[in-house]
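Read through the structure below, which is laid out as structure tokens, and then see the notes.
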Amino acid sequence: MSSDLASFQQHLSSSKRIIALVGAGLSASSGLPTFRGSGGLWRNYDAMDLATPDAFQNDPSLVWQFYSYRRHAALRAKPNKGHYALAELARRRPGQFLTLTQNVDGLSARAQHPQEDLLCLHGDLFTVKCTSFMCSYKQEGVLDDPLTPALKVDDEEYAADPNYKKLNGGVATEDSDALKKSIFGKGPLMEQRDAGYSSGGLTTTDGLTTDGTDGYSSSSSFFFPNGYNAPPTGRKKKTEEVEPSVIEKEKEEEQEQEEQEEQEESKDNNDSHAHAKKKSRKKKFITKDIPIDLLPRCPSCKVGLLRPGVVWFGEALPFNVLQRADDFITADPPVDLILVIGTSGSVWPAAGYVEQVAMRGGKVAVFNIDVDEESSIATDLIKNGGGWAFQGDAAEILPKALEPIIGTLRPHRKY
Ligand SMILES: [Zn+2]
């Protein structure tokens, strides 16, 4: 596969329209953990108990504690040079460049990426919306941490979490202002913000489909604090894998850790102390029984609980976001270049975008810590001369690779 920077930059310089697909790998460079990764305190929870409409209905307190941790961790992380490079590219190519991110951490926005050219495929951690059937309340840019006093994240409780320790410090005030202004100012997405989620006819690369009639959309999941649960509107199906690269990575990490623990256990089999220690480590940690009254409540209807504005397992991606991505990719002239950053680009919808760009003559460039040698649309294209693969830290490689357009990133920026 080609990793020839000169030929990439030549193509970049002559490209009129460019799109970037961003995944978890870019935020990993900011120290943001895969949220239940190895050693992480949430690792013993199943994603299905934390990130689905059902999970929220069954235990909103647990789900809110999980998202409070993720919000807190995201606010402690800082955007890296990769985020700034994309933001600069957007400024240099207004209307001709689009970033589609799978990340929910707000780091692109905090790198002052122009809002009109930034689409968040999986929603974001700093949007809240009402879960009541009758209410369409939604608020973006809610940076309060914690959201309610009961959800305060105790840094000491996370002191032993190696992922948490990697985070590089508190959020700067100017960062939060930028976050508020850039993603949450007035713009096309704000106008369409109540367009809701589509459940229409999506096909994932692993063959899971929604047929648009019995998908499980976010607007059909409601929680009533008085204990009444809205009747299910249809058979629940697994639809889109949310943050699939993150989940895959976690699984691998979990497996590794379990294997390690098993080895330790067989070593210490006769040692009851070690056994008890292992057991306690396996124990699900620190979550509290927070009464529902102390969880974030909708200020509009005052009845529904608020939920995080992220896309959960079993939910379709936001229709307005998919529509805008589709419009950009199908417009003329065709997209010349698709940058696949911090993700393998092998999972839907990334794979679909790569394919569409290639079919119209565009090229693909992958920037990832592991350039997947296995067959995927992106790697097949690259092997056949349709692009480039740059292996390594995207936060380091990307700013250099984009220099013909963005120049040298200004040194006074705080990375
Ligand atoms: Zn409400």
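Against the numbered list (1) more than 25 Å from Ala85 (Cβ to Cβ); (2) open to solvent by 10 Å² or more (accessible area, probe 1.4 Å), Asp327 comes up short only at (1). Could you tell me whether Phe126 is more than 16 Å from the ligand (Cβ to nearest atom) and either at pLDDT 95 or above or more than 24 Å from Ala28 (Cβ to Cβ) (or both)? Taking the combined requirement at face value, the residue satisfies it.
Among the residues of the stretch 284-323, those that are open to solvent by 40 Å² or more (accessible area, probe 1.4 Å) and β-branched (Val, Ile, Thr) comprise Ile286, Thr287, Ile292, Val303. Counting the residues of the stretch 68-105 that are within 30 Å of Phe56 (Cβ to Cβ), outside any loop (DSSP other than H, G, I, E, B) and open to solvent by 30 Å² or more (accessible area, probe 1.4 Å) gives 1. Please verify whether Asp370 is under 30 Å from Gly31 (Cβ atoms), open to solvent by 10 Å² or more (accessible area, probe 1.4 Å) and charged (D, E, K, R), treating the condition exactly as stated. So Asp370 passes the test. Take the stretch 332-365 and flag every residue that is open to solvent by 10 Å² or more (accessible area, probe 1.4 Å) and not in a loop (DSSP other than H, G, I, E, B). Answer for the stretch 332-365, where residues must be open to solvent by 10 Å² or more (accessible area, probe 1.4 Å) and not in a loop (DSSP other than H, G, I, E, B): Gly352, Tyr353, Glu355, Gln356, Ala358, Met359, Lys363. Is the stretch 143-153 home to any residue that is under 28 Å from Asp327 (Cβ atoms) and in a loop (DSSP other than H, G, I, E, B)? No, every residue in the stretch 143-153 fails to be under 28 Å from Asp327 (Cβ atoms) and in a loop (DSSP other than H, G, I, E, B).
Out of curiosity, is Ala55 closer than 20 Å to Phe313 by Cα and away from the ligand (no atom under 16 Å from the Cβ)? It would help to see each step written out before you state the result.
Values: closer than 20 Å to Phe313 by Cα: yes; away from the ligand (no atom under 16 Å from the Cβ): yes.
In short, yes.
Let's see how each residue does on (1) touching a residue at least 12 places away in the same chain (Cβ under 8 Å); (2) within 16 Å of the ligand (Cβ to nearest atom); (3) in contact with a strand residue (DSSP E or B) (Cβ under 9 Å, 6 or more places away or on another chain):
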site	(1), (2), (3)
Thr99	yes, no, yes
Gly106	yes, no, yes
Arg110	yes, no, no
Glu116	yes, no, no
Leu119	yes, no, yes
His122	yes, no, yes
Cys130	yes, yes, yes
Leu143	yes, no, yes
Leu151	yes, no, no
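Counting the residues of the stretch 132-141 that are open to solvent by less than 20 Å² (accessible area, probe 1.4 Å) and within 16 Å of the ligand (Cβ to nearest atom) gives 1.
Contact map, the stretch 1-30: residues that are over 30 Å from Asp332 (Cβ atoms) and modelled with pLDDT under 95 paired with residues that are among the acidic types (Asp, Glu) and surrounded by fewer than 21 Cβ atoms within 10 Å (Cβ to Cβ), Cβ distance under 6 Å, separation 6+ or inter-chain. Pairs shown: Ser29/Asp393.
The values are calculated or read from the model by the stated rules, or taken from the named source; none is laboratory data. Keep in mind that what you see is a predicted model, and the values were worked out from it rather than measured. As a convention, Cβ positions derive from the backbone with ideal geometry for all residues, glycine included, and neighbour counts pool all protein chains shown. Accessible surface areas use protein heavy atoms only, side chains included; no ligands, DNA or RNA. Shrake-Rupley method; radii C 1.70, N 1.55, O 1.52, S 1.80 Å.
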